[in-house]
Every structure is written in structure tokens, then in C-alpha cells.
Amino acid sequence: MLRVNPNIYKRAYTTASNIQKTKPSNVELTWSKFFQIRRQERKINIGSSVLSAFLTSNIAFAYVATIEIDPTQTIFGLDPSIVLIGGVMTSAAFGYLIGPSIFGKPIFQLRHKSVLEGYNLKNKIFLKHIIKNRVDASKQSFSNPPPDYYGEKIGSLKEYRRWLRDCHAYRIKASEFI
């Protein structure tokens, strides 16, 4: 059976101007640089969470401040002011949760546009390592808590190696029922 190389069609329709427009597909990123960028992403996301929580709570408070409260009427069997304050706090919590997706991710992508492709590639590799090496959390106990399950606190190669040692120690303790 005759097999045709699929790249032959790409070569036939590629011009010199198309080749010059393409970006390098693989931006090399060292692990230390990856962890540095990952730490910056975490800081940006936390900052954006705080900012969006502040904004949403202020918007909710501005709305609540315009409402006339009748102290004789109850809402869900509670004093109206308590319910409205709970609504402001709920909007702050909601703002904290949506902050990274609304503000954090776009800011991070703008700041690290040149290494974003390499960062995403390294992040996929890193997460595959985490998934492969993480422990079974169903065997946890008070005397044997599992290490960082998602690897969120790993910020350097040294911390990654420490995490691997902790996972190994956890597996040994879990198998010996200590």
C-alpha cells in the first residue's frame, strides 16, 4: 500500500511570506523560570481576586444603601439588615471567586505574552507529573495527612523534590497503617 506523506501538501502551498509570518512553535523555558512565572501567576490571581471582591462588595453595598428597609418586615424570618449584609458578603465572596477568570488571566497573558506558549506546555508537563505521582487521599488520617494534592504550593524544583519525598513517605505510612 502506498502511503503519502501529509506534509507534502503543506510544502506545495507554502510560500516564503507564509513561512516568515509563522512564530516559533516551541519556546524553551527552564523549570526555574517556569516556577518563577507560575508564582507570578498565583500572585496576579490573588490580587485580582481581592480587587474583584472589593468591587463587587462595593457595588452590592451601593445597591443596598438605596433600599428602604422596613424593620417590621422580615426576610426569611430574619431582620432585613442582617439579610442585606449577608448579601453584600455573598457578593464579595462571588467576586473573589470570579476575579482570576475576569481580571487575573487576561493580565497574566498580557504580561507574559512572549513565553505563554512555552509556559502552557511546561504547565501541562508539570500537571502530568503531579497526577502521576500524587497519593491516594482516601487513606489519609489525622496522623498521616496527604501532601499537597494538586501541587499548588510547589514553587521550585527543590520544593517539587520535597513533595515527591513527602508522597513517598505518605505511601509507606499508608501501606503500614501508621
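The values are calculated or read from the model by the stated rules, or taken from the named source; none is laboratory data. Just so it is clear, the structure is predicted and the values come from calculations on it, not from any experiment. Neighbour counts are summed over all protein chains in view; Cβ atoms, including those assigned to glycine, are modelled from backbone coordinates with ideal geometry.
One table, with the values for the structure above:
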{"read-out": "Count of residues meeting criterion [under 21 Å from the mean Cα position of the chain (by Cα) and exposed (fewer than 14 other Cβ atoms within 10 Å of the Cβ)] in segment 51-87", "value": "0"}
{"read-out": "Residue 76 vs. criteria at pLDDT below 95 and of a type in the set (Phe, Trp, Tyr)", "value": "yes"}
{"read-out": "Residue match in segment 89-103 (condition: more than 17 Å from the chain's Cα centre (by Cα) and assigned to a loop (DSSP other than H, G, I, E, B))", "value": "no"}
{"read-out": "Test: residue in segment 150-161 that is of a type in the set (A, V, I, L, M) and under 30 Å from residue 57 (Cα atoms)", "value": "no"}
{"read-out": "Residues (at pLDDT 90 or above, surrounded by 13 or more Cβ atoms within 10 Å (Cβ to Cβ) and over 17 Å from the mean Cα position of the chain (by Cα)) located in segment 12-50", "value": "31, 33"}
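A quick yes/no check of all residues on (1) within 21 Å of the chain's Cα centre (by Cα); (2) free of Cβ contacts under 8 Å to residues at least 24 places away in the same chain; (3) farther than 28 Å from residue 28 by Cβ:
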site: 118; (1), (2), (3): yes, no, no
site: 123; (1), (2), (3): yes, no, no
site: 132; (1), (2), (3): yes, yes, no
site: 144; (1), (2), (3): no, no, yes
site: 149; (1), (2), (3): yes, yes, yes
site: 161; (1), (2), (3): no, yes, no
site: 170; (1), (2), (3): no, no, yes
